[in-house]
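Just below is one structure, and these are the notes that go with it.
Taken together, the values in this text are just the output of simple stated rules run on the coordinates, not laboratory data. Bear in mind that the values here come from a model prediction, so they are computed numbers and not experimental data. Here the Cβ positions follow ideal geometry from the backbone for every residue, glycine too, while neighbour counts run over all protein chains shown.
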Amino acid sequence: MTTQNAVEVLRQLSGGRTLDKLSSAITDAVQAIREHGGKGVITLTLAIAANDDDSVAIVGTVKSKVPEGAAGKSIFFDTADGRLVRTDPRQQEIFTDVKQARGGSAEDRGDLDRAATAGAR
């Protein structure tokens, strides 16, 4: 029996679509490994079954497992009534007034700027 040229069989399998899928899987794996590190695995499976006559049917499938980027993580706190909130409900707020959180009024900031400038002279 003569040894088959595997590349030639892949070229003809499903009109070349299996070979195209394999090529794309390799490209995607290399890109994912460069972006995220780790390793990838590509599996080419050829299912070969005899037909009633002297022929065989071959079905090719390509599967790949490539590294993915870590999903972003968000921290939430649960309240007594079961809601999810972004701030810890047990922690006292530092700024209770919007004006305080922004550093006072524009007038107050202007006074501070003038005082700082006068002190620098």
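Overview of values
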read-out	value
Residues of the range 51-76 classified as within 17 Å of A25 (Cα to Cα) and β-branched (V, I, T), total	3
Subset of the range 59-90 [of a type in the set (D, E) and over 30 Å from I33 (Cβ atoms)]	D78, D81, D88
Qualifying residue in the range 6-17 (condition: touching a strand residue (DSSP E or B) at 6+ places or on another chain (Cβ under 6 Å), over 30 Å from R86 (Cβ atoms) and touching a residue at least 12 places away in the same chain (Cβ under 8 Å))	yes
Selected residue [in contact with a helix residue (DSSP H, G or I) (Cβ under 8 Å, 6 or more places away or on another chain), under 30 Å from G69 (Cα atoms) and of a type in the set (A, V, I, L, M, F, W, C)] from I33, I42	I42
